[in-house]
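Only one structure is covered here, and it is reproduced in the block below.
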Amino acid sequence: MNFTALFSVGVLGLVFVLVFLGLIVLFVVYERSHQGRPLRPIPAFDRIRREIGLAVEAGKRLHITLGRGGITGQEAGSALIGLQVLERIARTASISDKPPVATSGDGSLAILSQDTSRAVLRTTSGESQVDPSSGRLVGLTPYAYAAGTLPVILDEQVAATILAGHFGSEVALITDAAERNGSLTLAGSDNLSAQAVIFATADEPLIGEELYAAGAYLNAGPAHQASLRAQDILRWVLVGAILAGAALKLIGLL
Amino acid sequence: MKLSISVAIAIAFGVIVLLGYFVDLPLLRLLTDIFLRYASILAAVALWVGLVNLFAVHWRKVKRSEKGSPYSVIVLISFGITVFIVAYFGPTAKWSLWIFNNIQIPIETSLVALLVVILVFATIRMMRKRLNWFTLVFVGAALLMLLGSAPLFGVELPLLHGPNGLRALVSQIAVAAGARGLLFGVALGTIATGLRILIGADRPYGG
């Protein structure tokens, strides 16, 4: 049997994506008609929900930093999750005098963060005018981005800093500034080096796929819960495929 | 209506680019290539818009004499000088490279040096605030890797160094397996995020 042709990357990849899509659609329909299974507790998301309330009461600002990845590369996934988090937080904190501020190291992300803030304002208070400084480009190289983010944390009465996007090891400069300012840090990234640094420096680190579950935990809609369930199933499928592949290789069939 | 059009455009372009990756048809490959080029051009335009935003934010800070406004003055002056020199002489001209080599690189290098100190302090802080098994494994693995990678005045410890040493064992088996597990999670999350946009459930565009 020609396993190479059967399992060519193109065919297998397309099948995988289609199965993933089918599972998401199936679970969306299921979530709408049934009360879904409760999600396992992730302390970081409980804490950020509490922190939003405290920040609104104290008249303080929430800061979301979206990293320096663009929206056309592999790092786009984490950046889009960052925008989703921004949308949920801006909506929850919409009664606050100080709306959340978003910083990023990429032009497209800066535009999208302003667009997100504008969309939330339009639906919550009917206004479409947004403060141009609510979505800021702070620097274009990794360290310029980190250095540009520091004044926002240190000078603008920030109660919590949420880091969601593509970072490198420079993320430590940002989390350290937040620590010195006494504000909570919740951080997640798609980059492994950044995840290691985040584990050591953030108050609430999000490791691996936990960042991608943010939408489901912040009640962004049934599609988020559905995609989380689909991911759980496909993770087991991948584990099975790896073990089966190893066994086939061991007995000389692959 | 406006929203429907933006959703339809996003879904259509997304599906074509996705299919272009998997299906080997010349027309699809051509379309994917064209769309990705357009995306790159739009990203370059977005960069300019972002730079205008950067200038405007600091300009406003100076006008309102907000906290840290002297630093904003420095940013504005540096921004103006850099844009003028690069636009006038070109990005690879002597003066443009002088700015890069003598200002940007030294400043960023000093931040890298600062990072080392910050990471050491962060590790100590983590040991005090969050002392559990995960923290101990993390710090233990980090110390093992440092000891195994750093030159110990030419001394080779048989248990630590070499192809069968503890460092190689940990990095090639435990660390590689853990990293692959995390990457699987990240990959699944990224695909799920993309698919939610393709079905119009997430709309990070169009206000």
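A few remarks follow.
- Selection status of B:G154, assigned to a loop (DSSP other than H, G, I, E, B) and out of contact with any Cys (no Cβ under 8 Å at 6 or more places or on another chain): yes
- The residue of region B:86-118 that is farthest from the other protein chains (Cβ to nearest Cβ), among those that are of a type in the set (S, T, N, Q) and within 30 Å of A:D176 (Cβ to Cβ), is B:N102.
- Being under 23 Å from the mean Cα position of the chain (by Cα) and in a helix (DSSP H, G or I) is a property that B:V116 has.
- Checking each residue in region A:39-55 for being of a type in the set (A, V, I, L, M) and in contact with a strand residue (DSSP E or B) (Cβ under 8 Å, 6 or more places away or on another chain) picks out A:I42, A:A44, A:I48, A:I52, A:L54, A:A55.
- Residue satisfying condition, being among the hydrophobic types (A, V, I, L, M, F, W, C), surrounded by 12 or more Cβ atoms within 10 Å (Cβ to Cβ) and modelled with pLDDT under 85, within set A:A44, A:A55: A:A55
- Residue within region B:177-199 that is surrounded by 11 or more Cβ atoms within 10 Å (Cβ to Cβ), assigned to a loop (DSSP other than H, G, I, E, B) and in contact (Cβ under 8 Å) with a residue 24 or more places away in the chain present: yes
- For B:S171, the test of being of a type in the set (S, T, N, Q) and touching a residue at least 24 places away in the same chain (Cβ under 8 Å) is passed.
- Per the listing A:L150, A:L184, the residue uniquely farther than 24 Å from B:T190 by Cβ, more than 7 Å from every other protein chain (Cβ to nearest Cβ) and out of contact with any strand residue (DSSP E or B) (no Cβ under 6 Å at 6 or more places or on another chain) is A:L150.
- Looking only at region A:14-41, and only at residues there that are under 24 Å from the mean Cα position of the chain (by Cα) and among the small types (G, A, S), the one that is modelled with the highest pLDDT: A:G22
- Looking only at residues of region A:199-227 that are touching an Asp or Glu at 6+ places or on another chain (Cβ under 7 Å) and more than 7 Å from chain B (Cβ to nearest Cβ), we find that the one that is surrounded by the fewest Cβ atoms within 10 Å (Cβ to Cβ) is A:P222.
- Evaluation of A:L140 against the conditions (1) free of Cβ contacts under 8 Å to residues at least 24 places away in the same chain; (2) in a loop (DSSP other than H, G, I, E, B) shows that the sole unmet condition is (1).
- Note on region A:200-233: residues that are among the aliphatic types (A, V, I, L, M) and within 16 Å of A:Y30 (Cα to Cα) amount to 6.
- Residue match in region A:75-92 (condition: touching a residue at least 40 places away in the same chain (Cβ under 8 Å), outside any helix (DSSP H, G or I) and either out of contact with any Pro (no Cβ under 9 Å at 6 or more places or on another chain) or not hydrophobic (A, V, I, L, M, F, W, C) (or both)): yes
- Some residue of region B:48-63 being at positive phi and either β-branched (V, I, T) or at the interface with chain A (Cβ under 7 Å from one of its Cβ atoms) (or both): no
- Any hit, region B:185-203, residues being more than 8 Å from every other protein chain (Cβ to nearest Cβ) and modelled with pLDDT of 90 or more: yes
- Of all the criteria given as (1) surrounded by 15 or more Cβ atoms within 10 Å (Cβ to Cβ); (2) outside any helix (DSSP H, G or I); (3) not basic (K, R), the one not satisfied by B:L28 is (2).
- Close pairs from region B:96-122: first closer than 17 Å to A:T149 by Cα and not assigned by TED's automatic domain parsing to the domain that holds B:V83, partner in a helix (DSSP H, G or I) and of a type in the set (D, E, K, R), Cβ under 7 Å, at least 6 apart: B:I118/A:D176
- Look at (1) in contact with a Phe, Trp or Tyr (Cβ under 9 Å, 6 or more places away or on another chain); (2) within 14 Å of chain A (Cβ to nearest Cβ); (3) farther than 26 Å from A:A214 by Cβ and you find that B:R128 fails only one, number (1).
- Residue satisfying condition, being more than 8 Å from chain B (Cβ to nearest Cβ) and either in contact with a Lys or Arg (Cβ under 9 Å, 6 or more places away or on another chain) or among the aliphatic types (A, V, I, L, M) (or both), within set A:L243, A:L234: A:L243
- Taking the conditions (1) in a loop (DSSP other than H, G, I, E, B); (2) acidic (D, E); (3) closer than 24 Å to B:A46 by Cβ in turn, A:D97 satisfies each one other than (3).
The values are calculated or read from the model by the stated rules, or taken from the named source; none is laboratory data. Treat the numbers as computed from the prediction; the structure is a model and nothing was measured. Every residue, glycine as well, gets a Cβ built from its backbone with ideal geometry; the counts of neighbours run over all protein chains shown.
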